Structure formats: structure tokens, C-alpha cells
């Protein structure tokens, strides 16, 4: 029903330089805003997915025209100036509507058609099988079993049908415990460290109030502890600040009383809630958008945003879990309030630190499917996929992705994938182009018929593996557990994420590209050699052809010497005039 | 003076050496005239061989001692070593904070020994006489004394310019150092100006530092000059010769820029002390731009505060960022890069000649002119070219290394003339190398080595404050040049950037705060383990060279090397 709208003579301002604004044409398609810069020597296009648009603002009229400021969820900021007020208003209202769909069916994933056979689409959805990962951990075993007790979502409607619980916890214990946990999110296994049987388990807060107890819940924890016979105790980690957890007691929720559970060691970790994180990111982005800030402005702003403090808190928690499991050989049960935000961050980070498999392409996909998607991180609400409560939006997943990036900085050879892989995933969490991140939990995705109607992201990413790989990766066995340095200086501002679209700020020569291209050349030579010997079998998933409408963020970058405009270093009102003419 | 008079105790047994991130080593401590040595007990303890500390005493920036009276002396590592049951009345701990920023601890049995060792190190490390320093005693077998001293003659540099233009000439007006005591004997000046005029112009510039050519931009024939401030004074004095000197550089109607590295107000205030700036009325073709750059005490204090913050491992995230902000080091990096870019922009984009000066013309001036050349001139970005640049724009240009690098960030001594301008320059070059990873032929390792050697060295390259002093001390005749050692084939490889490929373009860096990073390789070199980063670098090398993986150095040998003085590798007669 939607027709392509096109507005000519639209200027695109560059935030950081006094460079002459680009002049071009703006198109609105059903899915994208496309800007074609006609003034550049090389045709330059900017594609912005409507789903990526976080806010659209009309700014006061300037001499150049009617400014329209667009902020994207992937931190792209586009500042257009449109000649006619009517055009500007039309684009504005269209974008408001297009960027905030009301019904799930309007999401891109339901119309996205990469011209793939039904069969291949189904194979794509089967690429990640969590059962295989549990098998890898050695489950089922004497202590743990995969149960379908939740097949009708009776235990918990935000958990997947199959969950891993201790064998010793019978159905009565499971059901009983679920009544004592917020939203029925009982303790289930997240990761089993095969070497010593210590496990990471996750759940939501207990409905303990000031004094309530639940025998089955106590038995559940005992069963978890006893599934690790090597340790006389287990940790129960509440990732919230103590004050928040205590406040919850008044609402009949709260945290475990150490006296009621045998041999637990209870600990608060103090990661802030989604509202604090949302505000922190907002402040961080304001810093990133400052126009020619001084070093002090920037550092002070970075500090005041608290962003890196929160990143460090998440990392510290992940490191605590990994150490407890590896060094103390103790199992850990983790929760926050509902157990789908901080708990997901911390559990997935700990797994990543403990197990090199999760640092491979496939492993990282499994990790996200397992700890985030299957366990009911509310992507739809946290990412604001649909027009909804803005207070539900929070950069919880972004923080996890950043923690992985921080680890990559410290361990450049430990990950099979590179920074771009993280950015791709981050983009698609918001893009709604693939079904994986739609909805809030498994049940909802089933109701939306995600698996029948949409495509899975993972095969598409695997197809781009060559450009997403880390050329410095030293293989699966080079590093086992990672022990990152968590001193404050180890946490750096991630320019590649938050100022990703300000190309002028990034290194002007890219080591990654260089190494990737020299690697692929080498591989071509090797391929040619091996092709002479045997004919290769193409794998089924690789036959997929990407749609032509794939967004292109990496528009042609001109020669670096041209990126610096006249007067950039002059600044401060001390600019100089022309030399000789 | 005899060194032996300063050494109160020459050897102590059973000294425990520890350093962050390394296992402690016990052994015999020895003090020689220039070195602190520790050799671990062979066969004894749990150490299989001898792990040595070979520390140049000149490298010690601060000595802190703590003595414990009474009690049993017990080595802290008693797990698998036979317990040392010797009763000692006392023991002491000496913390050595080095100029290269590493921190070592020595636990010494015996209070008296401890105090003696500490005072010996203090005395030896503060010997201020240049000719008593180690380079005058260091005689490695693999090098010849004269090697590396005349690699970069100014005549050769001038020939490159002379092949393009006849506007410049070499002048030896300063052959006996009387015109300007801090200039080298030979300088490049406008061909139209005779030596007599130069001498008169020199009298109008602080310290006699009259405008000389620093860099000729072949692309468009513009020139960068440097000098000290003019002695305008409160009475607005003029000097016809100085005006003429600068006048000949510009054609009629052409405009030049004077980049003053002080604020307009500071430059104005300097008039009261006899200094000042070039007034518009006397230099009508020159336009002044003020870009204040910090130097002297505030810069040294910035360095000290930064190192303090880096060493404070107890601080939380927020305090770390605010301390990073309040020490202002990164602001200085940003300012230096911006000013150098401005100079480069004047030359390359505005096609105008530039004169750079601050007050004395030996600090921020050189920072700006040297950096601008790295940005503009690809030949300064090779290993040899960069060495030539340092010789020309820092050493021969009279940056007072002896004064500026006398003390580093830990010293408790009262600050005199110390200031880390050279370090700031190296930091800026590191920022360039991060933004243009293929454009510099040398690696971070070279920058670190230069920092170390500027503060304490076995080589004579960074000794003294200027060429005149170097002549008097016979530095070139009696010491080895750092370059001779660096450029040995086996050694050189360590300093090369495997990703280098010649880039003929100007490298314009981004000076946005997001683009400027703290140089962790320097400021955290001794604080955090670099194992994983080193492995990544080895991997880059392997990929870039397309060859087989290099023979992996064992962690052990890497650590022992990092602890010892690089000079130890070639030292003979131990």
C-alpha cells in the first residue's frame, strides 16, 4: 500500500566538520529511508532502516531550510535539512508512523523475502540446536536432565518448553519452586563446567517477602548443590544492589534467607536496573554528540554518564561467576528481579569466559540463543520494536555486546569473530529483519509463527563469515578460561559502536581489512590448489542469495587526505583567512 | 670523585627482588658504579638458573626505604624452599621507582645493609656530571665508537632542498657557538641573508635563536621556520635585520603565519620581561596565531599525576576517569596534535610559510615542528628518517634533554627544569601510528625504547642540552650512539612495523577526544600483563610476513628481558 516518496534538494549535515553539506535526494520506501548524495564525486548512499529509527525531531528553521534530526538505535545520527516546510513535515509524519509499528505483523521480518526456498529457510532455523550444546556439556548425566515439564508452559510461560534441571528435583519440586519464584522462573541450568561439575544456574527472585519460605524451592537449591558433589556449598548471587533487593521484600519478593537454605553463600553484586542503564546510555550519547568537545568535556561527560562503571559492574559479576565455578569449584545460582536482564548478561558472560566454544561463530550464536532468546530476554520491549512503553526500553543487550568487545580488546586472539560480527548482531537485534529477536519469549514467538513466516539471522551471518572473522584468532585450544583485567583502565570507550558512523574519528587505515584481504588471498591460492584435487560440495545453506535491498552502511570512503576539511584544526574563533590567492 | 666513595655496601646476600606481575627472585645484590645487579642463587631455592636484574642506576628516579627492626627474617616464599632460619636483628625494604616507570622492590636482610644500599643508590643516581655517566664507560664489543654519529649530516638534508630551490643556504655563522649557544654549528637560512645580518637578528631573539629553516615543503615550496621569541620588550623594540630575515621568505603580497605556542596574553606579558611577539606593524606580511601549549612545571606535574593515577590500582571506575581528566595529559596530547596539524595545514593547504616559536624555542616549538613533519613528510616516517628527524629537530636543535629528563614521574626531588616534552612528542607519534597503522615504518617498541633512553641510557645520543655542551664533553668521541645499536640488523627488526607500506600522502589525524587514547603500552607497561597483546602482535607479524610462525619466546625470557637493562644484552666483561 505504501508508495515510495521522494524529496529532492535535501542537505545532509556533517556533525563534526564544517565541510560543505551534501546535497541529494531522500527516498522513503516501505522499509528504508534512502539518501542519495548527488554532490559527491562518487555516488554515495545512506540507508536507514525504519526500524532503526529511535527518534525523529523537527528543529527550528535555519537559513538552509527545515532541519530534521534522526537518531537511530544503532547510534547513527542523521541531520537532514529539507527545503520546503511541507516536505519536511510529510517526511516527519511518515517516519514517525513507519518507525513505530503497532502490530507485530508490520515488522520487517514478515515481509523480508531473500528468495530462499522453504526448505533452506527451515534448515536455517535448525542451525542452532540447544540440545546439542547441552550434550556438549555432558547433559543428560547422573545429575542433570533435560525435561519437557514446561511443554505447555505450565511451569513458566517465559521459559522454553525444554529446560535443564537437577534429576533430584522431581515434578513436585519443580512446580512448587515455580510458585515461589517471580513469574514462575525456577532455577534451571545455564552452564555446566564439565571439568569439575560446578554449574551456573539462573532464576528470578524468590517470593520471600519478609519471612515466607518454600520447602520445594529449598529442595530445588539443595538438588543443585548436590549435583556438584565436589563442593560443600553453593553461591546464590543476587545481581541487584542490596537496597533494591530489600525494597522488593515489601512487595512480597526479595532474596534468599541464608538461614532457610542449607549451605548457601549469598552475595549481592550491585548491577543497576534497566532505568538507570537507559539514562546512562542517554547521557553517554549526549557526550558522543557534543560538537568539538575538549578532552575534559569528553572525559567528564563519560564519567558522569556512568556508562563504563555499569559495564565494569557487569564484567565484574561475570568474572565472579567464572572464578567461583573454576577456582572454587562451587555451583552458582544467579538471579536479579525477573531474571531476564542482568541475569542473562552475567550468565552469558561467565560462559564466554569459561568456555572457548562460545568464542567461536557457532558458539556465540548458541550462547545468544540459549541465554537471551530461549530464556526470555524481552527483546521486543527492551529494543522498542513496537510502539510501546518507553520505560521498558533499555540497552541491556548492548551492554553484553560491549562486554564482549572489551574482552576482545584484552584478548585479541581469543575470538573467532571480529568487532563487525558484534555490530552486525547488534544491528539485527533492532532491525526486525530476522525472526530471532522478535517477541519477548519462546511462547510468543510460537504464537507469532516466527519459525514458519520469517528467517533466522544466523545462516546469513555465517555466510558473511569471511569478513566477520578475526584474522588473529589462534584457534579453539589456544586459550581456555579467560581472566580479564578488571581494573578501571581496562575499560575503554567503544568509539566503534557509539561513534560508529563518524568515520572521521576512526583510524584512517584499517588493520582488520588489511589482514582479512591478505588472508582471503592466501585462502584463494590454497583453494585453487585443492580444487585441482577434489571437487568441493557446496553446503545447502550457503546457496542463499542476499536480497538486493541489503542496507549498506559502509558507503565509499574517499581518500583519507580528503576527509579533513579546511579549517578543522583552526577552531576556537582563531580561524585564518586565505593565503595567496 | 670516585664512585667507590659513594658505594657504602657493595654486595648483600639473600636479597628478595619483586616486581608487579612477576615471581619474586632471591639472590645476591651487587652495586657497581653504574649498575645494580641481582643474581639468583644457582641451584638453590626453587629457581633453576640465574635470573638477573641488570639495572642502570641512572634509571632510578626515587628510592624509598622502610626498615623493620627486630624479629625474624623470613623469606616470604617458604613453600618449597628450605626455611631460612638465620636470625637477623632487622631487615629493610627498598622500593626503586625507575624513570622508565617500572617499580622494583628489594627486601634486604639487615637494617644497616638496607640503609647503605639505599644511600649508595641515591648517591649514584644523582651524580649530575655528564662525563661521569655510564655512556662514557660503556664499551660494547659489537660496536665501534664512531658508528652512528654522522648518519644524518645536515649537509645531506640541505642537498635535498637545494635540488629543488636556491632560496636557502647553509650557514656556519654559529661555528664557534657564539651567535647562538644552543644551535648547532651549521643551520639552514634564507640564501638572501648574509651571516652579518643573521648575527644581528640573533641579538634580537632570546638565547640568540634566530629564525632558521626547520622544514621545506617540496610539494609547494613553502617553508617552516623556528626560532625563539623576539626581544621586543616593554619599549616595543624593533630589529631591521630580523624583519628582513623574515621578509625575504615571503614574496610580495604573500602571507605567512606565525604560530606562537603561548596564549596571546602570555606573549604580551612576556614583553615586561624583555620578550614578546612580532607586532603586526613591523611584520606586515605575517599573521600571528596563538595556540597555547603547556610546558615546564605544569607539564611535568601532569605527567606525575597521570603516573600516580595509573599506579593507583584501588580506584574505582569513576575516580579513574576524573583523575585521567584532572591530570590533563590527554588534553596536552590533543593540543599538541592540533597545533602541529595547524602548522601542517598552513603549509600544505594554505600554501603559506610558517614560523613557529614560543618563548625559548627549545620545547613546545620543537614539539610542533617535529610533529608537523611526521604528518607532512613521508620520509620522516621511516625508521632512518625518524632518527634523522630526532637528530635534527630535537637533539641538534637544542632541546635541553639533560635538564628536561633529569627526573621522571616518581622523583621526590624538588622540580627544577624537568618537563616531559619529548615524551609528549612520542605519545603524539604513537597516536598517529594508531590512526595510520600502515604509515609509520617503526613500531611502538621504538617509541618505548626512545623514551627509556632519553631518561637513562648506555648511549650518548640524548646526553647534554645542546651541541656546544656535546662538543665540550666530547660525547661523539667518547660514547656510543644509540642509532648504531638500534640499526644493527638483528636489533633493527624489533623496531619495524610489519604492516608498513609507503604512504606518500599527508596523514591528517583526527583530534576528536574519541580518537585520542591513553598510551597504555607506555603508562601501563609495568602494571598490566601484556602477554595477550604481545601474542596478538606476533600474530600480526606472522600474517603480514606471510611466513611460518615465529619461534615463540618463552614467557620466562620475555619477563627477564623486561626486567633488565637492554644494554645488558651487549654488555661485555660481566
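Structure above, values below:
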item	result
10 Å-binned pair-distance histogram of the stretch A:140-284 (Cα, whole percent)	11, 39, 34, 13, 2
For B:94-104, mean number of other protein chain Cβ atoms within 10 Å	0
Rounded tilt (10° steps) of A:85-99 against the dominant C-alpha axis of chain A	20
Per-selection Kirkwood Rh - the stretch A:285-362 (Cα, Å, 1 d.p.)	14.8
Cα-Cα separations in the stretch A:468-516 greater than 14 Å, expressed as whole percent	71
Projected-area average for the protein assembly as shown over all orientations - Cα convex hull basis, square nanometres	51.9
Evaluated at q = 0.07, 0.08 Å⁻¹: base-10 log I(q)/I(0), Debye formula over Cα of chain B	-0.45, -0.58
Shielding score for B:248-255, defined as the mean number of other chain Cβ atoms within 10 Å	1
Highest-first arrangement of A:110-119, A:61-70, where packing means the average Cβ count within 10 Å	A:61-70, A:110-119
Approximate shape of the stretch B:93-150 as ellipsoid semi-axes (Cα gyration tensor, √5λ), whole Å, largest first	31, 13, 12
Acute angle (nearest 10 degrees) that the helix B:364-376 long axis makes with the longest principal axis of chain B, alpha-carbon atoms	80
Fraction of the pair-distance distribution of the stretch A:27-141 above 23 Å, Cα-Cα pairs, percent	50
Helical mean residue ellipticity (222 nm; -39500 (n - 2.57) per DSSP H run of 4+; nearest 500) of the protein assembly as shown	-10000 deg cm²/dmol
Shape call, the stretch B:499-541: gyration tensor on alpha carbons, a/c limit 1.5	oblate
Nitroxide proxy distance, nm - points 7 Å out along Cα→Cβ at residue A:276 and residue B:28	5.9
Computed log₁₀ I(q)/I(0) - Debye formula, equal Cα scatterers, no solvent, the stretch A:121-201, q 0.22 Å⁻¹	-1.06
P(r) histogram, all alpha-carbon pairs of the stretch A:207-274 included - 5 Å bins from 0, percent	4, 17, 23, 25, 18, 10, 4, 0
Nitroxide proxy distance, nm - points 7 Å out along Cα→Cβ at residue B:494 and residue A:126	5.8
Set of the stretch A:122-156 residues, backbone N closer than 15 Å to the point 7 Å along the Cα-Cβ line of residue A:171	A:147-156
Surface/4 of the Cα convex hull for chain A, nm²	30.5
Rounded to 10°, Cα long-axis angle of helix B:317-327 versus longest principal axis of chain B	50
Sites residue B:445 and residue B:403 - FRET efficiency at Förster radius 35 Å, r taken between beta-carbons, to 0.05	0.80
Peptide ranges A:198-205, A:456-463 listed from the most packed, as the mean C-beta count within 10 angstrom indicates	A:198-205, A:456-463
Kirkwood Rh, angstrom, the stretch A:369-516 [1 / mean 1/r, Cα pairs]	17.2
Share, in percent, of DSSP beta bridges within chain A that are antiparallel, nearest 5	75
For the stretch B:219-526, fraction of C-alpha pairs farther apart than 33 Å, in %	26
Centre separation in Å (Cα based) which lies between the stretch A:304-360 and the stretch A:186-242	15
The stretch A:344-438, Cα convex hull volume normalised per residue, Å³	89
Average other protein chain Cβ within 10 Å of Cβ, residues A:480-493	4
Mean separation of Cα contacts under 8 Å, 6 or more apart, over the residue count of the stretch B:219-526: relative contact order %	21
Gyration tensor (alpha-carbon) shape descriptor, the stretch A:95-140, a/c threshold 1.5	oblate
Alpha-carbon centroid distance for the pair the stretch B:317-383 / the stretch A:432-474, whole angstrom	47
The stretch A:41-120 versus the stretch B:484-549: alpha-carbon centroid distance in Å	41
Zero-based 10 Å bins, Cα pair distances in the stretch A:61-216, whole percents	9, 22, 19, 18, 16, 11, 5, 0
Anisotropy class of the stretch A:420-461 from Cα gyration tensor, a/c 1.5 cut	prolate
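Since every read-out is calculated from the coordinates, none of them should be taken as a lab result. Keep in mind the model is a prediction, meaning the values are calculated, not measured. All Cβ positions, even for glycine, are placed from backbone atoms using ideal geometry, and neighbour counts span all protein chains on display.
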